[in-house]
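Novice: If you scroll down you'll find the structure; I have some questions about it.
The values are calculated or read from the model by the stated rules, or taken from the named source; none is laboratory data. Please read all numbers here as calculations on a predicted model, not as lab measurements. With ideal geometry, Cβ positions are generated from the backbone for all residues, glycine too; neighbour counts draw on all protein chains shown.
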Amino acid sequence: MDANAYKYWAFVSYSHHDAAYVSWLQRALESYRLPRRLIGRETPLGPVPAYLKPVFSDRSEMPAGADLASTVQMALAQSRFLIVVCTPDAARSEWVNREIIEFKKLHGEARVLAVIAAGEPHASGTAGQDAMTECFPAALRFSLASEGRPDGTALEPVAADLRPQGDGKRLGMLKLIAGMLGEGVGVDELVRRDAQRRAHRMTTIAAASVAGMAVMAALTTLAVHQRTDAQNQRAQAEDLIEFMLGDVRKKLDQVGRLDALDSVGEKALAYYAHQDPSALSAAALGQRSRALHLIGEIREQRGQLDQALTAFKSAAATTAELVARSPDDGQRIFDHAQSVYWVGYIAYQRGQLPVAEDEFHQYRELAERLIRTDPRNVDWQLEPAYADQNLGVVQLDRGRPSDALQSFTAVRDTLTNILPKRPATASDLAEADGWIAKAREALGDFSGAVDAQHARLEVLKAMPDATTGSRIEHQMANAAFELARLDLYQGNPLAAEADARAAVEQAERLAASDDSNMFWLSESCFDRLRFAEAELALHKPDAAAAQVERASTGAAHLVASDATQLNWQVNLVGVLLAGEAWIALAQQRPVPNAEMEAYLSKVRDLNASGTRLNPVQSEIVATVELLSGDELVRKGHRDSALDRWNAAEERLKVWALGSNYSMLTLLGRIDVRLHKLSEARTLAARVEASRYRDPAYASLIDELAHAAG
C-alpha cells in the first residue's frame, strides 16, 4: 500500500483493563514533535513527519452504533503499524490476539511493535517463571501458520519496555517512535536528538547536568495562558514533568544530591501552582502528589520535619481524593499508600509511636488492596513487605521484639520470593537482614544478630553497584556500625575498633558528597561516637576524645536545624554527653554537668508534653542521669543525685522484663547506687547467664564488689 493511503500511523491493540495506560501512550505519541533536524528526511516509509498522528485506539475512534468488526478491520487496514500493549491481561485477551492476527494477514510480521507495560515476556515458557505473568499474546510470540493460526515459528519480538525496571516510559517511547520511522532513523540518533532538545528545554540541574528548566517554565506559562495549541503544550509540559519526577529523579537519587532534587520538585509544583486543582486530570493530580512527596522527602532529609509533614499531608489529601474517584485503580491506591507512609514516618521520628503504628497499619491495609487489584504485579507485591518492615520497627521501639522479629521475617520471606523476578530488591533484602539482627539482639541472641548482619553484608557486596550507589554505601556503613556495637557487647573491643573505623570512613564519604544532607551527617556523628566508645574500651581516651569532638561539631549543626527531631535532640545529644563524661572521667577532669542538666530538663519537658521515649532513648537518658548523679555526689549533693538515680530506675523498669542486657546492666549499676544490692545481684546474674560482656558489665561487677566491701 502507498504511504499516502494510510490514515493512521499506528493501531493500538490492548486489553480493556489497560485503558488508562493506553490513554497516556496515545497522548504521548500524538503530542511528541520530532526533532526539527529529522523532519523531512527520506526513509523507506516516506519523509519523516513533524508528528506521528493520528494513532487509532478502538475505544476513542469508534463512532456510535458502528459495527465493531468492520470498524476495527478498516482501521487495521489503514494503519502503518500495530502497537501491542503487552500485559498479562492482554496476553489472555482473545480480542488482542485476533487484532494481531488480522494485522499480520494484511501487512505481514515486520510492522508489529510491542510495548511491555506489565508482567514478564516469555514467562509461560521459562522455567521458574509464573505463567500467569506472561505479557506477550500468543499471536505475538509465534508467526502465522496455515489458516492464519498463531502456531508457526517461535518469534523473539523486539519490545520497548515501559516498566520502571526496563527502559522506562521516556526511553521506551523513543524506541517505539524509532521503530515506527523504520530504518531511516535509528533509536540512538533519536535519543541523542531528544536529549539535545531537552538540553535546551531545562536549566542546569546541579551535578546531574540536566538542562532546560527555563523552557519548562515557558511551556507551563503557555499551557496556562495560551489557547492556541493548548492541548499539545500541556501534554509536553506534563511529559517533561513525568521525565523529571521519573528518570531525572532516579539518577539524582543515586548520587544523593538534595539541591538538584529540590529544583526538580519546586519546578514541578510551580507548574501546578498556576492551575485550578479542580480542573486537573487524575494523571496531573498524581504528578502533583509525587512532586509533593519529593519536596517532603527533601525537607525530611534536611531535618525540616514541620515543612516535610505539611507537604506529605497535602499529598495525602490529593491521593485520598484520587482513590475516592477510582477505588479500584492500583496506581491511585499505591500513591495514597506512599502518602500515608510518610505521614506515619514523621510521627515516628517525633516519637509519636502510637500514631506511627496506626498510620503504618493503614499503609498495610492499602498494600493488601493493591495485591487484590493485580496479584501478579511485582511492584504491588513489594508493598506489604515495606509495610511489615515499618510495623516491625515500631514494634521494636515499643518493646515488642518477638512481634518485630515476626514482622521482619515476613519481610525477608516476601523479598526472597521476589528477588529472582526483581534483582534490584537485593538492597531491600539486605535491609530486612539488618532489622532481623536488631530484633534478635533485643531478644538477647547476639550470635543470631551477628549472623544476620553478616548475611546483610554478603547481599550488599554481591550487588553490582555496591561501590557506587549511595543507598548501598549507607547500608554497608550501618552494618559495620552495628557489628561494632555487637563486638563491644561480646567483649571484643579490638574487633569493635576495626568495624567502627570502617563505618566512619564510609559515612564520612557520604556526608562529604552533599553537605545539605542532614541524614548522612547524623549517621556520621553516630558512627564517630561508636568509634569513640571502642577507643575508650581499649583505654585510648585521647583518641576517643578526638572522635567525640568531631561528632560534637556535627551534632550542634543538626540540633540547630530542627528542634522536633528526637533522633538528634534525645539520641545523638545523649550519647554525645555520655561519651564526653566517660572520657572526662578517664582523663580525670570535670564532666559537662551543666550540659547534662540542660539535656535532662529538655527530656522532662518532652515527657510532660506526652512524648514517650522508646527503649533505646530511655537507656540513653538513664545513662546521662546515672552520670549526672555521680557528679552531684562528687560535689556533695547526694539528695539531688538520688533524684537522678530514682528517675533513671523508673525509666528503665518499664523495659526491664525483656532480654536487653545492655539495659539490664545499666539498671543494675543504678540499683547499686540506690543501695538495692539484692536487685542488682539478680540483674547481674541474668546478664551473667547471657553472652553480654560489654565493659559496662565489668563495671557492674566491680561496683557490686566495692559495695559489698
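Novice: Looking at the range 515-522, is at least one residue surrounded by 18 or more Cβ atoms within 10 Å (Cβ to Cβ), out of contact with any Lys or Arg (no Cβ under 6 Å at 6 or more places or on another chain) and either among the basic types (K, R) or not in a helix (DSSP H, G or I) (or both)?
Specialist: yes
Novice: Report, ordered by the first and then the second residue, all pairs with beta carbons closer than 6 Å, sequence separation of six or more or different chains, a first member in the range 634-647 that is more than 17 Å from P590 (Cβ to Cβ), and a second member that is of a type in the set (K, R) and surrounded by 12 or more Cβ atoms within 10 Å (Cβ to Cβ).
Specialist: If the second residue must be of a type in the set (K, R) and surrounded by 12 or more Cβ atoms within 10 Å (Cβ to Cβ), the pairs left are W645/R673.
Novice: Same structure again: Within the bounds of the range 598-609, is there any residue that is assigned to a helix (DSSP H, G or I), at pLDDT below 90 and small (G, A, S)?
Specialist: Yes; the residues of the range 598-609 include at least one that is assigned to a helix (DSSP H, G or I), at pLDDT below 90 and small (G, A, S).
Novice: Right, next: Criterion first (modelled with pLDDT under 80, among the basic types (K, R) and assigned by TED's automatic domain parsing to the domain that holds I100) does R59 satisfy it?
Specialist: Considered against the rule, which asks whether it is modelled with pLDDT under 80, among the basic types (K, R) and assigned by TED's automatic domain parsing to the domain that holds I100, R59 comes out as yes.
Novice: Go through the range 610-646 and give me each residue that's hydroxyl-bearing (S, T, Y) and at pLDDT below 90.
Specialist: Hit for the range 610-646 is T611, nothing else.
Novice: Now a separate question. Checking the conditions here, which among R681, R686, R612 is surrounded by fewer than 20 Cβ atoms within 10 Å (Cβ to Cβ), among the charged types (D, E, K, R) and within 22 Å of D445 (Cβ to Cβ)?
Specialist: Just a single option satisfies the conditions, and that option is R686.
Conditions tested, residue by residue: (1) among the basic types (K, R); (2) closer than 23 Å to A75 by Cβ; (3) in the same structural domain as Y21 (by TED's automatic domain parsing); (4) outside any helix (DSSP H, G or I).
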position: F103; (1), (2), (3), (4): no, yes, yes, no
position: L106; (1), (2), (3), (4): no, yes, yes, no
position: L113; (1), (2), (3), (4): no, yes, yes, yes
position: A139; (1), (2), (3), (4): no, yes, yes, no
position: L144; (1), (2), (3), (4): no, yes, yes, yes
position: G166; (1), (2), (3), (4): no, no, yes, yes
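Novice: Here is a follow-up. Restricting the search to the range 421-435, which residues are assigned to a helix (DSSP H, G or I) and farther than 15 Å from Y386 by Cα?
Specialist: Scanning the range 421-435 gives a single hit, P423.
Novice: A further question on this structure: Would you confirm whether any residue within the range 484-500 is surrounded by fewer than 18 Cβ atoms within 10 Å (Cβ to Cβ) and farther than 16 Å from D694 by Cα?
Specialist: yes
Novice: Among the residues of the range 302-331, write down those that are in contact with a Ser or Thr (Cβ under 7 Å, 6 or more places away or on another chain) and either more than 30 Å from N517 (Cα to Cα) or without any contact (Cβ under 8 Å) to a residue 24 or more places away in the chain (or both).
Specialist: Scanning the range 302-331 gives D328, G330.
Novice: Is it fair to say A551 is in contact with a Gly (Cβ under 7 Å, 6 or more places away or on another chain), surrounded by 23 or more Cβ atoms within 10 Å (Cβ to Cβ) and part of a helix (DSSP H, G or I)?
Specialist: no
Novice: Further question: In this structure, is E365 surrounded by fewer than 21 Cβ atoms within 10 Å (Cβ to Cβ), within 25 Å of I333 (Cβ to Cβ) and free of Cβ contacts under 8 Å to residues at least 12 places away in the same chain?
Specialist: Here the answer is yes, as E365 does meet what is asked.
Novice: Please go through the range 436-456 and give me each residue that is part of a helix (DSSP H, G or I) and either small (G, A, S) or touching a Gly at 6+ places or on another chain (Cβ under 6 Å) (or both), ordered by number.
Specialist: Within the range 436-456, A437, A439, R440, A442, S447, G448, A449, A452, A455, R456 meet the criteria.
Novice: Now, a different point. Starting from residues that are within 25 Å of the chain's Cα centre (by Cα) and among the polar types (S, T, N, Q), keep the ones in the range 546-593 and report whichever is modelled with the lowest pLDDT.
Specialist: Once the filter is applied, the top-ranked residue is T564.
Novice: If you scan the range 648-688, which residues turn out to be in contact (Cβ under 8 Å) with a residue 60 or more places away in the chain and either outside any helix (DSSP H, G or I) or β-branched (V, I, T) (or both)?
Specialist: Across the range 648-688, the qualifying residues are V654, W655, G658, S659, N660.
Novice: So, one more: Going by the conditions given, is D487 free of Cβ contacts under 8 Å to residues at least 12 places away in the same chain, touching a helix residue (DSSP H, G or I) at 6+ places or on another chain (Cβ under 9 Å), in a helix (DSSP H, G or I) and not aliphatic (A, V, I, L, M)?
Specialist: Considered against the rule, which asks whether it is free of Cβ contacts under 8 Å to residues at least 12 places away in the same chain, touching a helix residue (DSSP H, G or I) at 6+ places or on another chain (Cβ under 9 Å), in a helix (DSSP H, G or I) and not aliphatic (A, V, I, L, M), D487 comes out as no.
Novice: Something else now. Among the numbered conditions (1) closer than 30 Å to G166 by Cβ; (2) in contact with a Gly (Cβ under 8 Å, 6 or more places away or on another chain); (3) assigned to a helix (DSSP H, G or I), tell me where A404 comes up short.
Specialist: Evaluating A404 over (1) closer than 30 Å to G166 by Cβ; (2) in contact with a Gly (Cβ under 8 Å, 6 or more places away or on another chain); (3) assigned to a helix (DSSP H, G or I) leaves (1) as the failure.
Novice: When only residues in the range 456-478 that are closer than 29 Å to W655 by Cα and either modelled with pLDDT under 90 or of a type in the set (A, V, I, L, M, F, W, C) (or both) count, which is farthest from the chain's Cα centre (by Cα)?
Specialist: A477
Novice: Going through Q389, Q406 one at a time, which residue ends up being surrounded by fewer than 22 Cβ atoms within 10 Å (Cβ to Cβ), outside the structural domain of T665 (by TED's automatic domain parsing), closer than 21 Å to A356 by Cβ and polar (S, T, N, Q)?
Specialist: Q406
Novice: Could I ask something else about it? For A317, are the conditions met, namely being in a helix (DSSP H, G or I) and more than 17 Å from the chain's Cα centre (by Cα)?
Specialist: In short, yes.
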